[in-house]
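Asker: One structure, as structure tokens, below. Some questions next.
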Amino acid sequence: MNLFEYFRCELMLIVNQLVDEGDLPKNIETNRISVDPPRDLSHGDMTTNAAMILAKKVGLTPFDLAQLITRKLKRNKWIQKTDIAGPGFINVCLKNYFWHERLNEILLAGNKYGESAIGVGKEVNVEFVSANPTGPLHVAHARGAVVGDALSSLLEKAGFNVIREYYINDAGGQVDILARSAYLRYCEALGKKIGSIPEGLYPGDYLKPVGEAIANKIGDSWLEAAEEVWLEEIKELATSMMMELICEDLDSLGVQFDVHTSEKSIVKKGSVDDVLKKFEELNLVYTGTLDPPKGRVPDDWEARPQTLFKATKFGDSVDRALKKADGSWTYFATDMAYHLDKFQRGFVNMVDIWGADHGGYVRRMKAAIEAGTNGKGNLDIKICQMVHLKKDGKTVIMSKRSGEFVPLRFLIENAGRDVVRFMMLTRKNDSQMEFDIDKALEQSRDNPVFYVHYAHARCCSVLRTAIDHWGSGWASNKALANAELGLLTDPAELEIIKIMASWPRLVESAAEAHEPHRVAYYLNELATQFHSLWNKGNDNASLRFINFDQESLTRSRLALVQGVAIVISSGLQVMGVTPLKEL
């Protein structure tokens, strides 16, 4: 149950009753009414703006309308009391047994607790990583991979049907550079001295196996051949091998995709030409000249007529070029065709996870989607800012072009998959983050990964102790759900239940906002409250989870402990992290 949505529905019923009784006019607009947690917890369990929103429209003061509403709210069996605060906000306190019923709900639902139907099976295409197939993934790619995968899981928990997609950029100039770089390694594999890798090519040793594979396949027949002889075949082979390497990296991070779409296939089947033709028919393409870039103008800048898309008509700052000087398509043109191809495949709702260097690309792509779908397509783009990696107190420099980059595998080998996934969600995607490997492995309160794992492990330890004494059936979820939960009356116990009861709302709100980092924040809050209660039990024996002389109270508290374990496990599952039973 999303308890806030439940009480919002109760408010809607009350408004309808007031309309039927003649206290409010018919056809009153109620969509802005909300029920939320109060900013100050001393004000109660929830607050609503209903009277504030409706008062002016119905000719009453907010206070008078709030009084009408609270008279009916008080009839709800779960409401302890209501207060009218400030200009007309209604604060609500709920009875303890409401929270006990929420704990019962958690125990019976298990890891399914928090699942929602708000997505009603709608399809959502989430495209993420989509790194150029020119080398292994590095640390910066890890963030986008985790954000995209966790967001997909979050959307699925909220009832959406999610397709994870990887876009292979295998048709641009960077793939030509890859092929030339691989050719040098091919020559090297055959014993030819290649010296230093020329400027502009990829110098990484990861291309040596590619060169060796080419040499084993075709021998020395290309050793002295002209570029036009070998370029296309080496592009195909090198791209294929790089994608195998990328997929292996992603698999080690626990990330798999449902669909891989090739840029080359988009171009080959004429999708870009089709988009250009469509936009020409809509009078959205013209031949014109762009102003020079703002700021420092490149030395080779030349004003020339270009094929331009009217992006400014859809909110962009300038119109955008669709063709380069040599007549080939710009990256924007092929990306535009790719996104419209997704729409034609049935994906009205699309989410892209991009790297920090693509921030300037957002407005033009949104403009293209609006134009190409006649406003029917929804595209949300999340930018993942840079990750600054530290190890042994030193910042590690990353650059794929220079070959001085930290592979994703290095990060996983040094920190572990689960630590990497959790840490990448401890900051909002558009905030830069520092990933200190040493601190991420510390067993301390300041390390959120450890703190959440420790809370789950402590829960499991308590439950094992009880099972050793009373047997497994005594502490099953079903048995604990039938415990005397009314014995849980300490404010700290009730506060934990309240936090757990907010998990369904968190799932829905985070899924709708496309913000999976909220799950990490939530789990840290729940873990903090649980550790606090644990510590109180150390200081006050009456608050300990297990008291062998008080079986009923112990079972009730074990129900609370199991509830915490369930919710933490559910949250970690969304994050793609395995909950630990012991540390």
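The values are calculated or read from the model by the stated rules, or taken from the named source; none is laboratory data. A quick note: this is a predicted structure, and the numbers were derived from the prediction, not measured. Cβ sites come from the backbone with ideal geometry, for glycine too, and all protein chains shown count toward neighbours. Accessible surface is based on the protein model in full, side chains and every heavy atom, while ligands, DNA and RNA are left aside. Shrake-Rupley method; radii C 1.70, N 1.55, O 1.52, S 1.80 Å.
Asker: I'd like to check something: does the stretch 282-296 contain any residue that is of a type in the set (Lys, Arg) and within 17 Å of residue 337 (Cα to Cα)?
Answerer: no
Asker: Continuing with this model, one more query. Do we find a residue being closer than 26 Å to residue 269 by Cβ and surrounded by 15 or more Cβ atoms within 10 Å (Cβ to Cβ) anywhere in the stretch 178-192? Show your work before the answer.
Answerer: First, pick out the residues of the stretch 178-192 that are closer than 26 Å to residue 269 by Cβ: 178-179.
Checking which are surrounded by 15 or more Cβ atoms within 10 Å (Cβ to Cβ) leaves us with 178-179.
The answer is yes, given that some residue of the stretch 178-192 is closer than 26 Å to residue 269 by Cβ and surrounded by 15 or more Cβ atoms within 10 Å (Cβ to Cβ).
Asker: With respect to the numbered conditions (1) without any contact (Cβ under 8 Å) to a residue 12 or more places away in the chain; (2) closer than 30 Å to residue 112 by Cβ, which one is the sole condition not fulfilled by residue 42?
Answerer: Condition (2) is where residue 42 drops out.
Asker: Checking residue 108 against (1) crowded, with 18+ Cβ neighbours inside 10 Å; (2) among the aliphatic types (A, V, I, L, M); (3) at pLDDT 95 or above, which single condition isn't satisfied?
Answerer: (1)
Asker: How many of the residues in the stretch 35-57 are part of a helix (DSSP H, G or I) and closer than 18 Å to residue 505 by Cα? Steps first, answer last, please.
Answerer: Here is the first cut: in the stretch 35-57, the ones part of a helix (DSSP H, G or I) are 41-43, 50-57.
Adding the requirement that they be closer than 18 Å to residue 505 by Cα leaves 41.
Within the stretch 35-57, residues that are part of a helix (DSSP H, G or I) and closer than 18 Å to residue 505 by Cα number 1.
Asker: Let me ask something else. Kindly indicate which of 238, 226 is aliphatic (A, V, I, L, M) and in contact with a Leu (Cβ under 6 Å, 6 or more places away or on another chain). Step through it out loud before you land on a result.
Answerer: Numbers: 226 fails: in contact with a Leu (Cβ under 6 Å, 6 or more places away or on another chain).
Testing whether each residue is aliphatic (A, V, I, L, M) and in contact with a Leu (Cβ under 6 Å, 6 or more places away or on another chain) leaves just 238.
Asker: Counting just the residues of the stretch 532-543 that are in contact (Cβ under 8 Å) with a residue 24 or more places away in the chain and in contact with a helix residue (DSSP H, G or I) (Cβ under 6 Å, 6 or more places away or on another chain), which one comes out least open to solvent (accessible area, probe 1.4 Å)?
Answerer: Within the stretch 532-543, the match that is least open to solvent (accessible area, probe 1.4 Å) is 533.
Asker: Only one of 556, 502, 532 is modelled with pLDDT of 95 or more and more than 20 Å from residue 113 (Cβ to Cβ); which?
Answerer: One residue alone meets the criteria, 532.
Asker: Okay, next question. Can you go through 464, 518 and tell me which one is surrounded by fewer than 22 Cβ atoms within 10 Å (Cβ to Cβ) and either among the acidic types (Asp, Glu) or closer than 28 Å to residue 439 by Cα (or both)?
Answerer: 518
Asker: With respect to residue 8, determine if the residue is open to solvent by 70 Å² or more (accessible area, probe 1.4 Å) and within 32 Å of the chain's Cα centre (by Cα).
Answerer: No, not satisfied.
Asker: Do you know which of the residues in the stretch 552-583 that are among the charged types (D, E, K, R) and in a helix (DSSP H, G or I) is farthest from the chain's Cα centre (by Cα)?
Answerer: Kept after step one, since they are among the charged types (D, E, K, R), are these residues of the stretch 552-583: 555, 557, 581-582.
Filter again for in a helix (DSSP H, G or I), leaving 555, 557.
Values: 555: 37, 557: 34 Å.
The extreme case among them is 555.
Asker: Could you say whether any residue in the stretch 96-111 is more than 32 Å from the chain's Cα centre (by Cα) and of a type outside the set (A, V, I, L, M, F, W, C)? Step through it out loud before you land on a result.
Answerer: As a first pass, look at the stretch 96-111 and keep what is more than 32 Å from the chain's Cα centre (by Cα): 96-97.
Subset that is of a type outside the set (A, V, I, L, M, F, W, C): 96-97.
The answer is yes, given that some residue of the stretch 96-111 is more than 32 Å from the chain's Cα centre (by Cα) and of a type outside the set (A, V, I, L, M, F, W, C).
Asker: Also, I was wondering about something else. Give the stretch 207-254 a look and list any residue that's within 34 Å of the chain's Cα centre (by Cα), open to solvent by 50 Å² or more (accessible area, probe 1.4 Å) and hydroxyl-bearing (Ser, Thr, Tyr), or say none.
Answerer: Passing the criteria: only 240.
Asker: Among the residues of the stretch 559-575, is any without any contact (Cβ under 8 Å) to a residue 60 or more places away in the chain and within 28 Å of residue 429 (Cβ to Cβ)?
Answerer: No.
Asker: Would you mind stating whether residue 583 is touching a residue at least 60 places away in the same chain (Cβ under 8 Å), more than 23 Å from residue 115 (Cβ to Cβ) and of a type in the set (A, V, I, L, M)?
Answerer: Criteria met by residue 583.
Asker: Among the residues of the stretch 445-484, what is the count of those that are part of a helix (DSSP H, G or I), charged (D, E, K, R) and over 21 Å from residue 534 (Cβ atoms)?
Answerer: 1
Asker: Tell me which residues, restricted to the stretch 428-438, are buried (at least 19 other Cβ atoms within 10 Å of the Cβ) and either at pLDDT below 90 or under 11 Å from the mean Cα position of the chain (by Cα) (or both).
Answerer: Result: 429, single match.
Asker: Moving on to the next point. Out of curiosity, is residue 134 among the hydroxyl-bearing types (Ser, Thr, Tyr), surrounded by 19 or more Cβ atoms within 10 Å (Cβ to Cβ) and more than 30 Å from residue 174 (Cβ to Cβ)? Give the derivation first.
Answerer: Details: among the hydroxyl-bearing types (Ser, Thr, Tyr): yes; surrounded by 19 or more Cβ atoms within 10 Å (Cβ to Cβ): yes; more than 30 Å from residue 174 (Cβ to Cβ): no.
Judged against the criteria, residue 134 is not a match.
Asker: Next question. Given the condition under 27 Å from residue 497 (Cβ atoms) and part of a helix (DSSP H, G or I), answer yes or no: does some residue in the stretch 19-34 qualify?
Answerer: Checked the stretch 19-34: no residue is under 27 Å from residue 497 (Cβ atoms) and part of a helix (DSSP H, G or I).
Asker: Scan the stretch 394-403 and tell me whether some residue there is open to solvent by 10 Å² or more (accessible area, probe 1.4 Å), free of Cβ contacts under 8 Å to residues at least 40 places away in the same chain and among the basic types (Lys, Arg).
Answerer: Yes, the stretch 394-403 contains at least one residue that is open to solvent by 10 Å² or more (accessible area, probe 1.4 Å), free of Cβ contacts under 8 Å to residues at least 40 places away in the same chain and among the basic types (Lys, Arg).
Asker: Quick check on this structure: which one of 511, 527 is within 17 Å of residue 155 (Cα to Cα), in contact (Cβ under 8 Å) with a residue 60 or more places away in the chain, part of a helix (DSSP H, G or I) and open to solvent by less than 30 Å² (accessible area, probe 1.4 Å)?
Answerer: 511
Asker: Taking the conditions exactly as written (under 25 Å from residue 409 (Cα atoms) and open to solvent by 10 Å² or more (accessible area, probe 1.4 Å)), does residue 142 satisfy them or not? Break it down into steps so the answer makes sense when it comes.
Answerer: Values: under 25 Å from residue 409 (Cα atoms): yes; open to solvent by 10 Å² or more (accessible area, probe 1.4 Å): no.
Against the criterion (under 25 Å from residue 409 (Cα atoms) and open to solvent by 10 Å² or more (accessible area, probe 1.4 Å)), residue 142 does not qualify.
Asker: If residue 153 meets every condition in (1) open to solvent by less than 10 Å² (accessible area, probe 1.4 Å); (2) of a type outside the set (A, V, I, L, M, F, W, C); (3) in contact (Cβ under 8 Å) with a residue 60 or more places away in the chain; (4) part of a helix (DSSP H, G or I) apart from one, which number is that one?
Answerer: (1)
Asker: Another one. Determine whether residue 582 is in contact with a strand residue (DSSP E or B) (Cβ under 9 Å, 6 or more places away or on another chain) and surrounded by fewer than 21 Cβ atoms within 10 Å (Cβ to Cβ).
Answerer: no
Asker: Shifting gears a bit: Give the residue, chosen from 356, 303, that is surrounded by fewer than 18 Cβ atoms within 10 Å (Cβ to Cβ) and without any contact (Cβ under 8 Å) to a residue 24 or more places away in the chain.
Answerer: It is 303.
Asker: Quick check on my filter: what residues within the stretch 24-73 are of a type in the set (Phe, Trp, Tyr) and under 32 Å from the mean Cα position of the chain (by Cα)? Outline the logic, then answer.
Answerer: So the first thing to find is which residues in the stretch 24-73 are of a type in the set (Phe, Trp, Tyr), and the list is 63.
Across the stretch 24-73, there are no qualifying residues.
Asker: Of 497, 546, which residue is touching a residue at least 40 places away in the same chain (Cβ under 8 Å) and not in a helix (DSSP H, G or I)?
Answerer: Only one candidate passes the filter, namely 546.
Asker: Has the stretch 69-76 got at least one residue that is part of a loop (DSSP other than H, G, I, E, B) and open to solvent by 80 Å² or more (accessible area, probe 1.4 Å)?
Answerer: yes
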